[in-house]
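First up is the structure itself, then whatever we jot down about it.
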Amino acid sequence: MTPPNWTIRPGRDSDGSALIDLIWSCWSAYPGIRMDVDLEMPELRALATYYAANAGSLWVAEAADSVCGMIATRPLEGTTWEICRVYVDPALHGSGLGHALLDQAEQHAIAAGAKRLALWSDTRFDRAHHFYEKRSYIRHGAVRVLADISNSLEFGYAKPVNGVEALDIAAVTSAVGRLGAILIACVDGGASVSFLPPLSPQKARAFWLRVASDVGTGKRTVVAAWRNGVLSAVGMLDLATPENQPHRTEVQKILVDPGARRTGLGRQILRALEQEAAAHGRSLLTLDTRAGDAGESLYRSEGWQESGRIPGYALAADGTAQATVFFWKHLAHPN
């Protein structure tokens with residue numbers, strides 16, 4: 001593999017003109033965007049000083065002595081750090097430079113105590129959204145109106161470095177790619193979660209888009225877990241129970257990326273789902289799992305009770321019929 005032909009160094013105030021040109025090379029690809037540095041972004045002329053004054057840092061990528069990328073980060077409230085001004089020369093899109101820059105900023109923020117990372121991205125920047133979503137950022141909060149000369153609207157993105165969060169419809173929709181990858185990896189690894197391998201990306205995406213719709217209509221709750229900044233596990237509750245079962249919910253599809261197993265994420269997801277069930281006033285939880293799966297021992301260790309098993313309930317990838325075990329649990333103190 002050819003090594004990257006760029007270097008990343010701390011930014012300097014003297015980079016100002018080159019950074020302005022870099023930003024415009026990215027902005028100019030989108031309709032309706034205008035740039036007036038002196039009116040709206042005078043800090044670009046001394047950007048290293050600007051971030052240093054805000055306890056942050058700026059980095060610049062160079063190739064052949066020319067600026068080809070940039071990124072910055074700064075602390076916000078508490079332990080949240082913002083990722084700022086991520087730009088890569090369009091000629092280097094797809095080269096891996098964006099990932100290298102984001103690695104630099106994330107690692108710096110985490111070393112400085114960041115527990116959560118956040119950023120803003122113009123609603124027109126579809127390519128950037130896909131990039132952030134690949135890096136496990138999810139849509140968060142309301143759209144921000146800048147009231148600038150470009151009439152900019154911005155999506156908020158965020159992720160915990162480590163932790164579990166409930167996802168709303170916007171978050172699930174933005175995470176469809178990553179959630180689909182987890183589902184495919186689990187199915188390929190033999191997980192009994194209603195699908196058989198090989199599971200196509202299109203089918204996985206369609207599944208999570210249906211889930212997002214259900215979240216939006218209140219039929220489901222989804223929780224996800226991050227490990228070292230990577231979205232690595234997910235689970236959900238089916239809240240669309242019959243009218244004579246308003247106290248019950250079903251736990252479904254606790255999925256842990258194979259590369260993150262045996263790290264406690266499945267247990268974190270299960271406990272978060274129990275908390276979500278209680279918050280929705282549900283006191284009886286049910287689930288099923290293939291007999292002998294790792295999930296079976298997890299559920300027993302968390303106080304779930306077996307109610308029975310059905311032989312030959314579902315097919316494995318090789319076509320053999322396998323037994324499924326059904327579990328239930330009463331929550332002691334539902335809200």
Exercise. E82 passes all but one of (1) free of Cβ contacts under 8 Å to residues at least 40 places away in the same chain; (2) closer than 26 Å to S14 by Cα; (3) of a type in the set (D, E, K, R); (4) exposed (fewer than 15 other Cβ atoms within 10 Å of the Cβ); which number fails?
Worked result: (4)
Exercise. Among the listed residues M41, M70, which satisfies the condition of being surrounded by fewer than 20 Cβ atoms within 10 Å (Cβ to Cβ), in the same structural domain as G156 (by TED's automatic domain parsing) and not small (G, A, S)?
Worked result: M41
Exercise. In this structure, does R262 turn out to be surrounded by fewer than 17 Cβ atoms within 10 Å (Cβ to Cβ) and among the basic types (K, R)?
Worked result: yes
Exercise. Name the residues in the stretch 163-175 that are of a type outside the set (D, E, K, R) and surrounded by fewer than 19 Cβ atoms within 10 Å (Cβ to Cβ), would you?
Worked result: G163, A166, I169
For this session: Look at V222 and say whether it is in contact with a strand residue (DSSP E or B) (Cβ under 6 Å, 6 or more places away or on another chain) and either over 27 Å from Y132 (Cα atoms) or surrounded by fewer than 14 Cβ atoms within 10 Å (Cβ to Cβ) (or both).
Result: no
For this session: Answer yes or no: is there a residue in the stretch 18-27 that is without any contact (Cβ under 8 Å) to a residue 40 or more places away in the chain and buried (at least 20 other Cβ atoms within 10 Å of the Cβ).
Result: no
Problem set entry | Residues of the stretch 226-264 that turn out to be touching a Lys or Arg at 6+ places or on another chain (Cβ under 8 Å), farther than 14 Å from R178 by Cβ and aliphatic (A, V, I, L, M), as a count | 4
For this session: Could you tell me whether the stretch 92-108 includes any residue that is more than 21 Å from H129 (Cα to Cα), modelled with pLDDT of 95 or more, touching a Leu at 6+ places or on another chain (Cβ under 7 Å) and not hydroxyl-bearing (S, T, Y)?
Result: no
For this session: Quick one: which residue in E77, E62 is of a type in the set (D, E, K, R) and closer than 25 Å to A118 by Cβ?
Result: E77
Exercise. Restricting to the stretch 120-162, what's the tally of residues that are buried (at least 18 other Cβ atoms within 10 Å of the Cβ) and β-branched (V, I, T)?
Worked result: 2
Problem set entry | Search result, residues across the stretch 180-196 that are touching a Lys or Arg at 6+ places or on another chain (Cβ under 7 Å) and either at pLDDT 95 or above or acidic (D, E) (or both) | G180
Exercise. With respect to the numbered conditions (1) more than 26 Å from I184 (Cα to Cα); (2) more than 27 Å from the chain's Cα centre (by Cα), which one is the sole condition not fulfilled by A278?
Worked result: (2)
Exercise. Got a sec? Which of G312, G281, G216 is surrounded by fewer than 14 Cβ atoms within 10 Å (Cβ to Cβ), among the small types (G, A, S) and touching a residue at least 40 places away in the same chain (Cβ under 8 Å)?
Worked result: G281
For this session: From the list D257, D238, D188, pick out the single residue that is without any contact (Cβ under 8 Å) to a residue 24 or more places away in the chain, outside the structural domain of I138 (by TED's automatic domain parsing) and touching a Ser or Thr at 6+ places or on another chain (Cβ under 8 Å).
Result: D238
Exercise. Among the residues of the stretch 119-127, is any of a type in the set (G, A, S), at pLDDT 95 or above and assigned by TED's automatic domain parsing to the domain that holds V86?
Worked result: yes
Exercise. Does the stretch 121-130 include one or more residues that are under 14 Å from the mean Cα position of the chain (by Cα) and part of a strand (DSSP E or B)?
Worked result: no
Seminar exercise, completed: Counted residues in the stretch 225-241 being among the acidic types (D, E) and under 22 Å from E133 (Cα atoms) come to 0
Exercise. If you check L265 against the conditions, is it closer than 23 Å to V172 by Cα and either at pLDDT 95 or above or over 27 Å from the mean Cα position of the chain (by Cα) (or both)?
Worked result: yes
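The values are calculated or read from the model by the stated rules, or taken from the named source; none is laboratory data. Everything quoted here is computed from the prediction, not taken from an experiment. Here Cβ is always computed from backbone atoms with ideal geometry, including for glycine, and neighbour counts include all displayed protein chains.
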